[in-house]
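For reference, the structure discussed in these notes is given below.
Derivation of every value follows stated rules applied to the coordinates shown; laboratory data play no part. In this text, all values refer to a predicted model and were calculated from it rather than measured experimentally. Virtual Cβ from ideal backbone geometry, glycine too; neighbours counted across all protein chains shown.
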Amino acid sequence: MTGLSIRRATAADADVLARHRAAMFRDMGQLSDDLHDTLVDAARAYFAAAISDGRYVAWLAEAEGKVVGGAGLQLRELLPRPGPTGARLMRGPQGLIMNVFTERAWRRRGVAAALMGELLGWCRASGIESVVLHASADGRPLYEKLGFTPTNEMRYGKDV
């Protein structure tokens, strides 16, 4: 897409990242109006701290002088384990892709694909071998196109 630029987010971007997170959950029908502001406040505090200390890495897409999308990666320690073929051990942090969001007016124009390209390139360059995500129905076709495959993940707990 022409006119689109991607940049790394900083702790100063915590507000826009938090608003994107709330909008993403609202679009999926998972966020009530009563919880909206609470989520934004909690997410803003998390992003400000986690970007600063390296637990979270994010990218923002900008066009026409405004942020039109974003995507992030929460880094978590991966316990050494056999790789998919069982031939070698996988080590290092695992990247959990989160908050892939595009403003409604910019959807279906390549913004999420550009963000994911930047994010996955950073993972390769940083030696992150394991990358996972939870896909919404709308996002699934893009992730499958990028090579993601379904796994055996299950959920347990209150409010499941």
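The table below lists the values:
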read-out: Proxy reagent accessibility, fewest Cβ within 10 Å first, across His20, His36; value: His36, His20
read-out: Convex hull projection area averaged over all views, the chain, Cα basis, nm²; value: 10.6
read-out: Protection proxy ranking of 41-52, 146-157, 128-139, 81-92 - average other beta-carbon atoms within 10 Å, highest first; value: 41-52, 128-139, 81-92, 146-157
read-out: For a label point 7 Å along the Cα-to-beta-carbon line of Thr149, residues of segment 60-100 with backbone N under 16 Å; value: 82-88
read-out: Segment 105-155 - Debye-derived log10 I(q)/I(0), Cα point model, q = 0.14, 0.32 Å⁻¹; value: -0.42, -1.35
read-out: Whole-angstrom gap from segment 66-92 to segment 1-61, using each part's C-alpha centre; value: 20
read-out: Distance between modelled label sites at Asp15 and Tyr156, nm, 7 Å Cα→Cβ extension; value: 4.2
read-out: Order of Trp59, Trp106, Trp122 under a 10 Å beta carbon neighbour criterion, fewest first; value: Trp122, Trp106, Trp59
